Every structure is written in C-alpha cells, then in structure tokens.
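The values are calculated or read from the model by the stated rules, or taken from the named source; none is laboratory data. The model shown is predicted, which means the values in this text are computed figures rather than measured ones. In this analysis, Cβ positions are derived from the backbone assuming ideal geometry, glycine residues included, and neighbour counts consider all displayed protein chains. Ligands, DNA and RNA are excluded from the accessible area calculation, which covers all protein heavy atoms including side chains. Shrake-Rupley method; radii C 1.70, N 1.55, O 1.52, S 1.80 Å.
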Amino acid sequence: MTVSLIGDFNGDGVVGVADHLLFLAVFGLSEGDDGFNAEMDLNGDGTIGIPDFLIFVSHFPNAARFF
Ligand SMILES: [Ca+2]
Ligand SMILES: [Ca+2]
C-alpha cells in the first residue's frame, strides 16, 4: 500500500523544489477554476492559498534553508 506524502505533488517520494513550483502554478485557484488540484488544497477549504502554503512548508525538509 502506498502512503502518499503530504506536499509531494509530483509523486517522486520527496518534498522538494519541483513540488514548490507545482504549488506556485496553482496558487490562488479555487474549486471550479481551470487547473485547480484538490490534492494541493491541503486544508481542504476549496482554495489554494497561504494556509496551504504554510502546511506545504511544514513538510518541506529544507524549509530552514529555503527562507
Ligand atoms: Ca516531489
Ligand atoms: Ca486551502
């Protein structure tokens, strides 16, 4: 059984810069918008925004260096 990793949007097994770029591409979209991806709406409120970004960052292994 595969456990999906939170923040690993491209499914390569690590949370990294590539996932961050994918997140930026959908940032600001809401449910029903073209390109909206429910997997990236990490808190499930129907919009991909700052709260989801904070969740993503908390799973980003290099977050300290990232900022
Ligand atoms: Ca990844
Ligand atoms: Ca959200």
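Restricting PHE27, PHE36, PHE23 to residues that are modelled with pLDDT of 95 or more, within 16 Å of ligand 2 (Cβ to nearest atom) and open to solvent by 80 Å² or more (accessible area, probe 1.4 Å) narrows the list to PHE27. Scanning region 1-13 for residues that are near ligand 1 (Cβ under 10 Å from one of its atoms) and surrounded by 13 or more Cβ atoms within 10 Å (Cβ to Cβ), we see that the one that is farthest from PRO61 (Cα to Cα) is PHE9.
When region 1-47 is filtered for residues that are outside any loop (DSSP other than H, G, I, E, B) and either touching a Lys or Arg at 6+ places or on another chain (Cβ under 7 Å) or of a type in the set (Phe, Trp, Tyr) (or both), only PHE23 remains. Applying the set (1) closer than 15 Å to GLY7 by Cα; (2) part of a loop (DSSP other than H, G, I, E, B); (3) in contact (Cβ under 8 Å) with a residue 12 or more places away in the chain; (4) of a type outside the set (Lys, Arg) to ASP52 leaves exactly one unmet item: (2).
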